[in-house]
Structures are given as structure tokens and as C-alpha cells.
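Beneath this line is the structure, given in C-alpha cells, with notes to follow.
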Amino acid sequence: MTRAELLEAWHAHLAEGRRRSPHTVRAYVATAARLLNAVEADSWAALARIDAAALRQQLASRRADGLTNASAARELSALKGFIAFARRQAGMADPAPPRMRGPRVKKGIPRPVTPDEAVNLAVSVEEDASAEWIGARDRAVLLLLYGAGLRIAEALSLSGAALPLGETLMVSGKGGKQRVVPLLPLVREAVADYAAKCPWPLSKDAALFRGVKGGPLSQGMIQKAMARSRIALGLPASATPHALRHSFATHLLAAGAYLRSLQELLGHASLGPTQTYTKV
């Protein structure tokens, strides 16, 4: 097999088999490509023979490039996943990857924004936009993150079939796991306002949120819009789109929400990630 074919199979496994997010797929495929370049493997059997020493060498090479502990831990996870996949493809009886301990990573505490800051950010991106419909679009996306706790990828994966929004919304999260989230009137109104102003037809099988040329809206455009507003409002660099999801969770918990209920709303597979918000 060629390296391109190996990477294509890995990509398909992640995107279709595991239903990982596009960002995760890109990162994991890039990690696999770097490993292939380093070991010059051209078959699943050759990849299956890679041991812990080779993985340590690859990780050390990446650390020399300035990788942090957190990034190195993610890199190692991707490498192990790729080797395990290769071993299954090669037909090994025990497909488990080489055992090795990754760098210790200190878990950070989520840094939410205040309710006023969240609303001000949504208003600011709307006012700063180059066109009225773009402003309505960006505001609607941010309110879905803060008002419904969606991940940015989840919001941008919505199709026109979600319209008109009701009191609840079915969201497809990580691993294709679905959950139902309630929608505040303010969020529904923001999305309806965008839909009315959007110059592109919002068909049921196409992306709900569109870019300037009519294609699916990219995460980068929302991140850039929020970065401009964050600077204008004098907010810290931690005020990112994902921070709005942190804010959703933190503010609900402060208002008396049960952890289990919050876990379901956020789409966490276990209670552990949800419990992090009790430390804020």
C-alpha cells in the first residue's frame, strides 16, 4: 500500500467508523503522516511492528519542536490509536498498542465569561459584521453556544432541517451521540432572525449556517469574529467560543442545576468532565 492509502483508511476509520469531529480527524491524520515519514512504513504489517521505543523517539522529536505536555499527550494518544488500528488491519491477535506512559498534564479549570460579557459579545459580533445577515448569523451561533451549551462544531453541523426551531433541539455530539437540549426564546428568535436575513436558501439537507459564498460556515470565521469583539470589549484571551459553553455550564450549576442533568445537557459521556465545573 502507499502511504496515501494508509492515511486514507485511517481517515475513513476516524470520520466514518468512530465519527470523530473534523478537527480531531485532521489532527490524528497529521500525526499518523508524521509517523509514516519518520519510520518509512508502507504496510499495516510494518506499522504493527512499531514498538514503544519507536513511539518514544517520535514523541521526543516532536517535543524538540516545542510541544507542550498537553499537546504531547494528545500526540501520544493519536499515535497509540493509529498503531492499534494498524495491528487490527494486520490481523494481529492482540491489537493493543505498545504500553507507555505519557507526560503528566495538569487539568485546567474552565474559565467562563460572565452573563453580561456573554451577551455583550453576541451583540458586539453582530454590530461589527460586514453585512446585516452575517451579524445575525454570528449572533445566532454564539447564543446557541451560551444559551444551549452547544460545542461550536455541533452548532455548525446543524442543517436547515432544524428549522423552524421548537422548544427543544436534537444535537448530534461527539461519537454521533445524540441528545436533546432545551432552547430559550432568545436563542430561537436569534436563529429565526438569521434565517430570515440569510441570502442563501436554507434547504433541509444543507448547512444551516453559511459562509459569505454560500458554503458551510467554518469555525475559524466565528473564532475571528469573537476575537475582534473580545479585544474591543477588553476581555481576556480565554474568552473564546468554547468559553461560552463553559459559561452555560457554570451559570446553570450556580443556579442550582443537578450535575447529572448538566451532564446530559452537555453531552458528556461520564460525570467526570461535568464535575470540573464545581471547581470554578
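The values are calculated or read from the model by the stated rules, or taken from the named source; none is laboratory data. Treat the numbers as computed from the prediction; the structure is a model and nothing was measured. Cβ sites come from the backbone with ideal geometry, for glycine too, and all protein chains shown count toward neighbours. Keep in mind that these areas ignore ligands, DNA and RNA; they rest on the heavy atoms of the full protein, side chains included. Shrake-Rupley method; radii C 1.70, N 1.55, O 1.52, S 1.80 Å.
Could you check the stretch 189-213 and list, in sequence order, the residues that are touching a strand residue (DSSP E or B) at 6+ places or on another chain (Cβ under 8 Å), of a type in the set (D, E, K, R) and either within 19 Å of residue 149 (Cβ to Cβ) or open to solvent by less than 90 Å² (accessible area, probe 1.4 Å) (or both)? The one that is touching a strand residue (DSSP E or B) at 6+ places or on another chain (Cβ under 8 Å), of a type in the set (D, E, K, R) and either within 19 Å of residue 149 (Cβ to Cβ) or open to solvent by less than 90 Å² (accessible area, probe 1.4 Å) (or both): 210. Of 265, 186, all but one fail to be within 19 Å of residue 112 (Cβ to Cβ), open to solvent by 20 Å² or more (accessible area, probe 1.4 Å) and at pLDDT 90 or above; the exception is 186.
Of all residues in the stretch 170-225, count the ones that are of a type in the set (Ser, Thr, Tyr) and within 15 Å of residue 140 (Cα to Cα). Of the residues in that region, 2 qualify.
Quick one: in the stretch 109-151, which of the residues that are in a loop (DSSP other than H, G, I, E, B) and farther than 18 Å from residue 173 by Cβ is most open to solvent (accessible area, probe 1.4 Å)? Only one residue fits best here, namely 111.
Show the residue pairs meeting these rules: Cβ distance below 7 Å; 6+ apart or different chains; first residue within the stretch 221-242 and over 16 Å from residue 126 (Cβ atoms) and in contact (Cβ under 8 Å) with a residue 60 or more places away in the chain; second residue open to solvent by 70 Å² or more (accessible area, probe 1.4 Å) and in a loop (DSSP other than H, G, I, E, B). Partner pairs satisfying both residue conditions: 238/111. Which of (1) within 22 Å of residue 220 (Cα to Cα); (2) open to solvent by less than 30 Å² (accessible area, probe 1.4 Å); (3) of a type outside the set (Val, Ile, Thr) is the odd one out, the single condition residue 44 does not satisfy? Of everything listed in (1) within 22 Å of residue 220 (Cα to Cα); (2) open to solvent by less than 30 Å² (accessible area, probe 1.4 Å); (3) of a type outside the set (Val, Ile, Thr), residue 44 misses just condition (1).
Among the residues of the stretch 7-27, the one identified as of a type in the set (Asp, Glu) and either under 16 Å from residue 154 (Cβ atoms) or modelled with pLDDT under 90 (or both) is 16. When 31, 68 are screened for being under 30 Å from residue 152 (Cβ atoms) and crowded, with 17+ Cβ neighbours inside 10 Å, only 31 passes. Assuming residue 178 fulfils every condition listed in (1) more than 22 Å from residue 257 (Cα to Cα); (2) in contact with a strand residue (DSSP E or B) (Cβ under 9 Å, 6 or more places away or on another chain); (3) open to solvent by 50 Å² or more (accessible area, probe 1.4 Å) apart from one, which condition is it? The single condition residue 178 does not satisfy is (1).
Every residue in the stretch 214-254 that is open to solvent by 50 Å² or more (accessible area, probe 1.4 Å), in contact with a Leu (Cβ under 8 Å, 6 or more places away or on another chain) and over 15 Å from residue 154 (Cβ atoms), please. Of everything in the stretch 214-254, those that are open to solvent by 50 Å² or more (accessible area, probe 1.4 Å), in contact with a Leu (Cβ under 8 Å, 6 or more places away or on another chain) and over 15 Å from residue 154 (Cβ atoms) turn out to be 233, 252. One residue alone among 50, 83 is surrounded by 14 or more Cβ atoms within 10 Å (Cβ to Cβ) and part of a loop (DSSP other than H, G, I, E, B), and that residue is 50. Annotation for the stretch 55-64: no member residue is out of contact with any strand residue (DSSP E or B) (no Cβ under 9 Å at 6 or more places or on another chain), in contact (Cβ under 8 Å) with a residue 60 or more places away in the chain and open to solvent by less than 50 Å² (accessible area, probe 1.4 Å). Please determine whether any residue of the stretch 40-47 is within 30 Å of residue 146 (Cα to Cα) and not in a loop (DSSP other than H, G, I, E, B). Checking the stretch 40-47: not a single residue is within 30 Å of residue 146 (Cα to Cα) and not in a loop (DSSP other than H, G, I, E, B). Among the numbered conditions (1) under 25 Å from residue 15 (Cα atoms); (2) at pLDDT below 90, the only one that residue 234 does not meet is (1).
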